[in-house]
Amino acid sequence: MIAVGHSREQTWTIEPGHLASAFGSGLVEVLATPVLVGFCEECARQLVEPALPAGQKTVGVSIALDHLAATPPGMTVTVRAELIAIDGRRLTFRIEARDEVELVGRAQHVRCVIDASRFESRVAQKVTQTRTKPQTD
């Protein structure tokens, strides 16, 4: 059962593929902001999805992230997501990320519960529409 107040922590070791220099978001050898966003989303997703009924999943719909400090490769980042509000299908999380030294990120993230088969059907329909649409120059 999903309930306000539930939380989860997840830890990642920063590898070369996580760096701004490798990700294309900067030329520095530190954790890339888009990767930190991904860590935050994954931690929140893992918090709630195991408790959902069969056939339901969540999708991220918004995130407001402050990336506060740099984390070099080899260090770990621990993300803690806490479910702070439930409004129908809309789930809101407060998230903090810390490396071994300090707070490196803070976010508010919203995910929506979806029916997986209906969602996938709508995506497939969109793909079909774009393939049958005539090209214009």
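Return yes when Glu49 is within 13 Å of Ile2 (Cα to Cα) and surrounded by 14 or more Cβ atoms within 10 Å (Cβ to Cβ) and no when it is not.
It is true that Glu49 is within 13 Å of Ile2 (Cα to Cα) and surrounded by 14 or more Cβ atoms within 10 Å (Cβ to Cβ).
Kindly establish whether Val35 is surrounded by 14 or more Cβ atoms within 10 Å (Cβ to Cβ), in contact with a helix residue (DSSP H, G or I) (Cβ under 9 Å, 6 or more places away or on another chain), in a strand (DSSP E or B) and modelled with pLDDT of 95 or more.
Spelling it out, it is not the case that Val35 is surrounded by 14 or more Cβ atoms within 10 Å (Cβ to Cβ), in contact with a helix residue (DSSP H, G or I) (Cβ under 9 Å, 6 or more places away or on another chain), in a strand (DSSP E or B) and modelled with pLDDT of 95 or more.
Can you pull out the residues in segment 21-32 that are surrounded by 12 or more Cβ atoms within 10 Å (Cβ to Cβ) and either within 16 Å of Arg98 (Cβ to Cβ) or at pLDDT below 95 (or both)?
Ser21, Ala22, Phe23, Ser25, Gly26, Val28, Val30, Leu31
Does segment 54-73 include one or more residues that are surrounded by fewer than 16 Cβ atoms within 10 Å (Cβ to Cβ) and touching a helix residue (DSSP H, G or I) at 6+ places or on another chain (Cβ under 6 Å)?
yes
Just for strands (runs of 3 or more DSSP E) wholly inside segment 38-128: which have at least 1 residues that are of a type in the set (Phe, Trp, Tyr)?
90-98
Suppose the filter is of a type in the set (Asp, Glu) and either touching a residue at least 12 places away in the same chain (Cβ under 8 Å) or touching a Pro at 6+ places or on another chain (Cβ under 8 Å) (or both); does Glu100 pass it?
yes
The values are calculated or read from the model by the stated rules, or taken from the named source; none is laboratory data. The structure displayed is predicted, hence computed values, not measured ones. Virtual Cβ from ideal backbone geometry, glycine too; neighbours counted across all protein chains shown.
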